[in-house]
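**Q** Sharing a structure below in structure tokens format, with a few things to ask.
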Amino acid sequence: MTDGGEARRAVEAVWRIESAKLIAVLARMVGDVGLAEELAQDALVAALEQWPASGIPRNPAAWLTSVAKRRAIDGWRRQERLGDKYAQLARDLETEDGLGDPALLAEDVIEDDLLRLVFVACHPVLTKPSRVALTLKLLGGLSTDEIARAFLAPSSTIAQRIVRAKRTLSAARVPFEVPDPREFPQRLGSVLEVIYLIFNEGYSATIGDDWMRPSLCQEALRLGRVLAELMPREPEVHGLVALMEFQASRLGARTTATGEPVLLQDQDRARWDRILIRRGVAALERSEQLARGRGPYALQAAIAACHATAPTAADTDWEEIVALYSALAQLTPSAVIELNRAVALSMAYGPEAGLEVVDRLAVEGALSSYHLLPSVRADLLARLGRSAEARLEFERAAALTGNERERALLLGRAAQQ
């Protein structure tokens, strides 16, 4: 007999590690992601009930898969009028080669199923918030409450989002498969976008009292690494992983002991994680080996590498960063990229060069509600000695941000002018 607390901890650990594989295998069996998750949850409940008495099985993942599969068969058989479809599914589950003993499932089969699950959870038919929530639920193994806490949203909102996502997938008859080669660029782009959205919300929280939510960064990085193992020939997958490795290397230096933000130029680089930086360099090299030219994520990773590999802030190659942002703007034009390029221009060639671009962006209006536009403008004005104007811009930026730590930082800088 196993201690109840020990068994619960074991179940939770197995669930976090194995749930994505379990759901992926079940989704292939039953052809429905929502039903696969329900069956997996049933198996989890069974483990919580049985493991304290029977002990933790030698192969917990295989045990969960066997229970979930049996629940599917029993459920269909209990229906008063068993339709042909369900009868056939029940027969297939019992006779399909290799599925009698889930421990015998080939690793490449499981990886194929995981890849299918990635593309389903990040399907473009879903809204971005739904893709993020479903990805964290199905692939991250996070509970609804954990996702809600991460995004400072009510649990009921996240639960409804996940339910709607599964209903949308079912109604749209989204197949459980890797997309057709003609759809691949768009679909892979959606997957990478979702993972990076999760990372960015952890890296710079949009709302709340905390500057960062490192657990979200770690979850996104884990998902990115899994995707790189599943798709080793895709350069942009490695580019995204490199970008996240470099960014994550700075997490420990981005706040003080009491949680106040520390800007990049003021960070103690001795606190940057050298292991993550080395991993980032390796992933970026892998991306460049696979591609004829750098894609958007690889370009952003190259920019991050300029920061990560500079011994001091003064050693940063800002001219190279300007060139990289210019290349990125050619591939994916956006006002945010132009704003970042303006910062690089100001560091390479002086604040006047950056301010010219920022003032143009202010006139164009695409970033009128984006707090970093007045924040960057304020910093450039302060460097030019235009303190009164800088103070007003810092105050305007503070009014636009939803993050309390960032608001305090901006108001503090306004007071210094």
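The values are calculated or read from the model by the stated rules, or taken from the named source; none is laboratory data. Just so it is clear, the structure is predicted and the values come from calculations on it, not from any experiment. When we count neighbours, we look across all protein chains shown, and the Cβ atoms used for this are built from the backbone with ideal geometry, even at glycine.
**Q** Tell me, yes or no, whether the range 36-45 has at least one residue that is part of a helix (DSSP H, G or I), closer than 13 Å to L138 by Cα and of a type in the set (V, I, T).
**A** In the first step, residues of the range 36-45 are kept if they are part of a helix (DSSP H, G or I); the result is 36-45.
Among the residues that remain, those that are also closer than 13 Å to L138 by Cα are: 36-41.
Subsequent filtering for residues that are of a type in the set (V, I, T) retains none.
No - not one qualifying residue is present in the range 36-45.
**Q** Still on this structure: Here is a list of conditions, (1) closer than 22 Å to V262 by Cβ; (2) surrounded by fewer than 16 Cβ atoms within 10 Å (Cβ to Cβ); (3) free of Cβ contacts under 8 Å to residues at least 60 places away in the same chain, and E404 meets all of them except one; can you say which number that is?
**A** Status for E404: all satisfied but (3).
**Q** Here is a follow-up. Need the failing condition index for A390 against (1) within 33 Å of the chain's Cα centre (by Cα); (2) aliphatic (A, V, I, L, M); (3) at pLDDT 95 or above, just the number.
**A** (1)
**Q** Continuing with the same structure: Please list, ordered by residue number, the helices (runs of 4 or more DSSP H) wholly in the range 62-151 having 1 or more residues that are modelled with pLDDT under 70 and touching a helix residue (DSSP H, G or I) at 6+ places or on another chain (Cβ under 6 Å).
**A** Ranges flagged: 84-95, 107-121.
**Q** Looking at S369 and the list (1) within 18 Å of W318 (Cα to Cα); (2) surrounded by fewer than 19 Cβ atoms within 10 Å (Cβ to Cβ); (3) touching a residue at least 24 places away in the same chain (Cβ under 8 Å); (4) not hydrophobic (A, V, I, L, M, F, W, C), which single condition is not satisfied?
**A** S369 satisfies all of (1) within 18 Å of W318 (Cα to Cα); (2) surrounded by fewer than 19 Cβ atoms within 10 Å (Cβ to Cβ); (3) touching a residue at least 24 places away in the same chain (Cβ under 8 Å); (4) not hydrophobic (A, V, I, L, M, F, W, C) except (1).
Residues are listed down the side, and each one gets a yes or a no for (1) hydroxyl-bearing (S, T, Y); (2) surrounded by 20 or more Cβ atoms within 10 Å (Cβ to Cβ):
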residue	(1), (2)
Q267	no, no
R278	no, no
A301	no, yes
W318	no, no
Y349	yes, no
G354	no, yes
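**Q** Next question. Return the residue satisfying two criteria in turn: it lies in the range 35-65 and is small (G, A, S) and buried (at least 19 other Cβ atoms within 10 Å of the Cβ), and of such residues it is farthest from R173 (Cα to Cα). If you could, list the steps in order and put the result at the bottom.
**A** Filtering the range 35-65 down to residues small (G, A, S) leaves 36, 40, 43, 46-47, 53-55, 61-62.
If we keep only those that are buried (at least 19 other Cβ atoms within 10 Å of the Cβ) too, we end up with 36, 40, 43, 47, 61.
On the way: A36: 15, A40: 21, A43: 26, A47: 32, A61: 28 Å.
Among those residues, the one meeting the criterion is A47.
**Q** Can you find, within the range 128-162, the residue that is farthest from E229 (Cα to Cα) among those that are in contact (Cβ under 8 Å) with a residue 12 or more places away in the chain and of a type in the set (V, I, T)?
**A** Looking at the filtered set, the residue picked out is I158.
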